[in-house]
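Just so you know, all these numbers are worked out from the coordinates, no wet-lab data involved. Quick caveat, the model's predicted, so the values are computed rather than measured. Counting neighbours? That spans all protein chains shown, and the Cβs are built from the backbone with ideal geometry, glycine included.
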């Protein structure tokens with residue numbers, strides 16, 4: 001099985017609504033977080049299209065199977 005990282009990210013990062021930052025908690029603003037995220041995507045774009053090694057795909061399949069068995 002050949003799965004690439006983009007497929008894995010798409011499966012694990014479903015569209016999430018923007019949440020406003022809690023003013024009591026220090027941190028980066030939403031705009032800054034989005035900007036950093038975009039820069040990281042550009043920086044690692046080549047890595048995102050590389051296929052996931054078979055060993056990791058097998059581990060992911062084992063985890064999925066374990067989760068299915070846990071639910072039963």
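Computed values, structure above
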quantity	calculated
Fewest-first sequence of 70, 41 by Cβ atoms within 10 Å of each Cβ	70, 41
Rounded Å value of the spacing that divides the Cα centres of region 27-42 and region 46-62	26 Å
Ascending count of other beta-carbon atoms within 10 Å, so fewest first, for 46, 54	46, 54
